[in-house]
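Chemist: First the structure, which I've put down as structure tokens, then a few questions once you've had a look.
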Amino acid sequence: MQTQTVNFIVTETAAKEIKRIADENQIENPILRVRVVPGGCSGFQYAMGFDDEISENDKVVEAEHGVKIAIDEFSAPYINGAVLDYVMDFMGGGFTIKNPNAAGSCGCGNSFSCG
């Protein structure tokens, strides 16, 4: 397992929500995998989900509340410097990623392009 070699910030609000979801699903040591995958309106999209293990080439971020974020080698350059947050609005709550590497994004906020 590698140490943190990617700058990926998880806000306190996002860490608490990840932990809440993990607790609700009885996941004792949550590892949230954050990935960038081809697709979406703008060329790339974010994918997130819990994982059971960290692979040898993953970049690992230790967040608050005992949450670990695993980022694969492909995704790391695309989300280096990004911030994972959890926001509440009139439509409910959801995770957002503020990514300084995104040259553009679509209206849904889940898809982006790099220039």
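Just so it is clear, none of the values below were taken in a lab; they were calculated from the coordinates. None of these values were measured; they are calculated from a predicted model. So basically every Cβ, Gly included, is an ideal-geometry build from the backbone, and we count neighbours across all protein chains shown.
Chemist: Could you work out how far apart the two model spin labels at E53 and K16 are, taking each label as a point 7 Å from the Cα in the direction of the beta carbon, and quote it in nm?
Modeler: Here the modelled spin labels are 3.4 nm apart.
Chemist: Once both labels are modelled 7 Å past Cα along the beta-carbon direction, what's the M91-I27 spacing in nm?
Modeler: Reported label-point gap for M91 and I27 is 2.4 nm.
Chemist: For the pair I9 and V83, how long in nm is the line joining their label points, each one 7 Å along Cα→Cβ?
Modeler: So the two model labels end up 0.5 nm from each other.
Chemist: Same structure, new question: Could you tell me, in Å, what Rg and Dmax come out for the Cα atoms of segment 4-103?
Modeler: Computed over the Cα atoms of segment 4-103, radius of gyration and Dmax are 13.2, 41 Å.
Chemist: On to the next question. Grab the Cα-Cα distance for V37 and D72, subtract it from 0.36 nm times how many residues apart they are, and report the gain in nm with one decimal.
Modeler: Full extension from V37 to D72 adds 11.5 nm.
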